[in-house]
Amino acid sequence: MIGYYQTDQGKVRVHNEDAGGVFHNDAGQTLAIVADGMGGHQAGDVASQMTTSHLHTKWQEIEKIETPDDAEKWIKETVLAANNEIKTYANEHDECAGMGTTVVVALCTEQFATIGHIGDSRCYFANAYGFNAITEDHSLVNELVRSGQITEEQAEHHPRKNVLLKAIGTEYDLTADVKTLEFEEDDRLLLCTDGLTNKVTDEELRELQNHQGDWADFTQKMVDLANERGGEDNITLAVVHHCQLPSDEKEGAE
């Protein structure tokens with residue numbers, strides 16, 4: 001299983017508040033994480049890095065995930081613990097008051113992939129049959145679209161497009177939305193922040209489905225597109241490709 005992770009500061013922001021990585025265990029299973037931090041001077045960095053670190057540390061403590069139920073339980077419990085840890089940290093450090101982060105995580109085995117998320121960072125799934133978004137944004141505009149108050153086209157330019165209804169660290173006891181998919185040979189997952197999806201269309205992201213070759217080329221192309229169109233936000237993405245990992249393949253993890 002190949003995993004690749006890339007993050008870019010963008011062309012406007014003075015620092016990068018995104019975090020994440022792709023991490024493999026001894027059983028050949030993969031954990032991909034993307035987090036988009038927010039709030040306060042440097043505090044977004046703290047929230048996204050703390051979330052990534054917490055998940056990575058817990059991942060290192062388990063030998064193997066056996067079933068979808070185990071995967072869903074692990075994601076819910078680990079994301080919840082990270083959320084409460086960050087909320088407590090923010091309460092105890094004035095400089096971090098109001099900080100939070102989105103997170104999207106994919107736990108991938110040879111048979112299935114379990115996806116969990118909070119916020120508006122997304123996961124897309126591509127296989128021989130199509131390309132689809134797996135997650136639904138926890139955002140004000142998405143709720144307005146779901147309730148029929150605005151169209152998807154209006155949502156693209158809505159003045160409150162960046163308002164989240166759910167984010168890690170903003171309140172205690174938040175639960176991630178989780179779902180499990182069959183994950184078969186040559187299936188692909190893309191996890192990304194809104195710094196990418198606000199600039200690159202789903203049709204352009206569909207290249208995930210048929211991309212051949214180095215995943216570094218794909219991620220760099222997506223980053224370049226976002227930056228060419230303004231790059232006002234940090235841009236982060238991770239890819240997991242269900243295939244045999246060549247012995248000389250380097251892991252794109254941080």
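Per-residue HN-Hα couplings for region 109-126, Karplus 6.51 cos²θ - 1.76 cosθ + 1.60 at θ = phi - 60°, whole Hz, x for Gly and Pro?
Each residue of region 109-126 in turn: 10, 5, 10, 8, 10, 10, 10, x, 7, 9, x, 10, 6, 10, 10, 10, 10, 10 Hz.
When the accessible area of region 1-98 is split by element with a 1.4 Å probe, what percent falls to carbon and sulfur?
The computed percentage sits at 46.
Remind me, relative contact order of the chain in percent, using alpha carbon pairs under 8 angstrom and six or more residues apart?
30
Rounded, prolate or oblate: which fits region 55-145, taking a ≥ b ≥ c as square roots of the Cα gyration tensor eigenvalues, rounded meaning a/c under 1.5, else prolate when a/b beats b/c?
oblate
Give me the 1.4 Å probe accessible area per residue for the chain, excluding ligands and nucleic acids, in Å².
That works out to 47 Å² per residue.
Go through region 15-29 residue by residue and turn each phi into a ³J(HN,Hα) via Karplus (6.51, -1.76, 1.60, θ = phi - 60°); whole Hz please, and just put x for glycine and proline.
Karplus-based 3J(HN,Hα) across region 15-29 equals 8, 9, 9, 7, 8, x, x, 10, 10, 9, 10, 5, 7, x, 8 Hz.
Pull out a ≥ b ≥ c, the square roots of the eigenvalues of the alpha-carbon gyration tensor of region 142-211, then state rounded if a/c is under 1.5, prolate if not and a/b is larger than b/c, and oblate in the remaining case.
oblate
Tell me which residues come under 5 Å, amide H to amide H, from Asp177 once H is placed; ignore anything under 5 positions away on its chain.
HN-HN under 5 Å from Asp177: His117.
Taking a temperature of 20 °C and a viscosity of 1.002 mPa s, what whole-number D in µm²/s does Stokes-Einstein yield for the chain with Rh from Kirkwood over alpha carbon pairs?
118
List every residue whose amide H lies under 5 Å from the amide H of Ser121, counting only residues 5 or more places away in sequence or on a different chain, with H placed 1.01 Å from N in the peptide plane.
Those lying under 5 Å, H to H, from Ser121 are Val103.
For a test of the definition: using alpha carbon positions, the gyration tensor, and the 1.5 limit on a/c, classify region 6-125 as rounded, prolate or oblate.
Here region 6-125 falls in the prolate category.
Report the FRET efficiency, 1/(1 + (r/R0)^6), for Ser53 and Glu110, where r is their Cβ-Cβ distance and R0 is 30 Å, rounded to 0.05.
0.65
Considering only protein heavy atoms and a probe of 1.4 Å, how much of the accessible area of region 110-254 is carbon and sulfur, as a whole percent?
Roughly 44 percent, rounded to a whole number.
The values are calculated or read from the model by the stated rules, or taken from the named source; none is laboratory data. The shown structure was predicted, so the numbers you read here are calculated from the model rather than taken from an experiment. For neighbour counting, all protein chains shown are included, and Cβ atoms are generated from backbone atoms with ideal geometry for every residue, glycine included. Heads up: the accessible areas ignore ligands, DNA and RNA and are worked out on the full protein's heavy atoms, side chains in. Shrake-Rupley method; radii C 1.70, N 1.55, O 1.52, S 1.80 Å.
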